[in-house]
1. Within segment 140-164, how many residues are within 15 Å of TYR71 (Cβ to Cβ) and in a helix (DSSP H, G or I)?
2. For segment 114-139, which residues satisfy the criterion of being of a type in the set (Gly, Ala, Ser) and within 10 Å of the chain's Cα centre (by Cα)?
3. Going by the conditions given, is ALA80 at pLDDT below 90 and open to solvent by less than 50 Å² (accessible area, probe 1.4 Å)?
4. Take ALA167 and tell me if it is surrounded by 14 or more Cβ atoms within 10 Å (Cβ to Cβ) and more than 24 Å from ARG65 (Cα to Cα).
5. Taking the residues in segment 11-40 that are closer than 18 Å to PRO123 by Cα and not in a helix (DSSP H, G or I) as candidates, determine which candidate is least open to solvent (accessible area, probe 1.4 Å).
6. Give the residue that is farthest from the chain's Cα centre (by Cα), with candidates limited to residues of segment 46-56 that are crowded, with 22+ Cβ neighbours inside 10 Å and within 14 Å of PHE17 (Cα to Cα).
7. Would you mind telling me which numbered condition in (1) without any contact (Cβ under 8 Å) to a residue 60 or more places away in the chain; (2) outside any loop (DSSP other than H, G, I, E, B) ARG61 fails?
8. Let me confirm something: among GLU96, GLU43, which residue is open to solvent by 70 Å² or more (accessible area, probe 1.4 Å), within 15 Å of the chain's Cα centre (by Cα) and either at pLDDT 90 or above or of a type outside the set (Ser, Thr, Tyr) (or both)?
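The values are calculated or read from the model by the stated rules, or taken from the named source; none is laboratory data. What you are looking at is a predicted structure, and each value in this text was computed from that prediction instead of being measured. Positions of Cβ are generated from backbone atoms using ideal geometry, with glycine treated the same way; all protein chains shown enter the neighbour counts. These area figures cover heavy atoms from the full protein model, side chains too; ligands, DNA and RNA do not enter into them. Shrake-Rupley method; radii C 1.70, N 1.55, O 1.52, S 1.80 Å.
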Amino acid sequence: MNHDLVSRAQRGDESAFAEIAYGIGDRLFTVAQRILRDVDLAEDATQQAIVAIWRELPGLRDPARFEAWSYRVLVNACYAQARTERRWSPSLHVLETDHGAGDPQLSVADRDQLERGFRRLPPEQRAVLVLQHYLDLTLPQIAELLGVPIGTVRSRLHYARRAMRAALEADARPALSGSRPS
């Protein structure tokens, strides 16, 4: 991120902020969508984050930390969006098939199973998974970004992975039929 651009935006330069918003907007939306798992909620959270970034930008002490700080603002907007909405609407995603990787139906089924497990996680657990696996942040970076102790990040990752594993195992069990063998 261009530090001069951030500094100009901090002083109220709207065109500099517009350039920043266009540059980071898609990345913020992608992270929000991965956390919230809903396009409409992700759009709302991204818009809220961009407004909050503009409003709080003069208080940012170090322009070099802008990107990490903006992700923190976004994650907080995602948390707020998840708390207020509390709705889980089904969303359809066009899934790419793995060409040449065996049965493409199996790949779609695996992705669907992962999506269902991910949706069951609370937003705080989804956020740490996205920050670690999508943005490739380290645990200390995630802790700093979220403003929580590193132990909290480890705990959220542990419980998120455990919940995902349990969801995948539950989906893998054969469904019990209503009839009993005679």
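1. 8
2. Selection gives ALA127 alone.
3. Answer is no for this residue.
4. So ALA167 fits the description; yes.
5. Step by step, filter segment 11-40, then rank; the result is ASP38.
6. Filtering segment 46-56 for residues that are crowded, with 22+ Cβ neighbours inside 10 Å and within 14 Å of PHE17 (Cα to Cα), the one farthest from the chain's Cα centre (by Cα) comes out as ILE53.
7. All conditions are met except number (2).
8. GLU43
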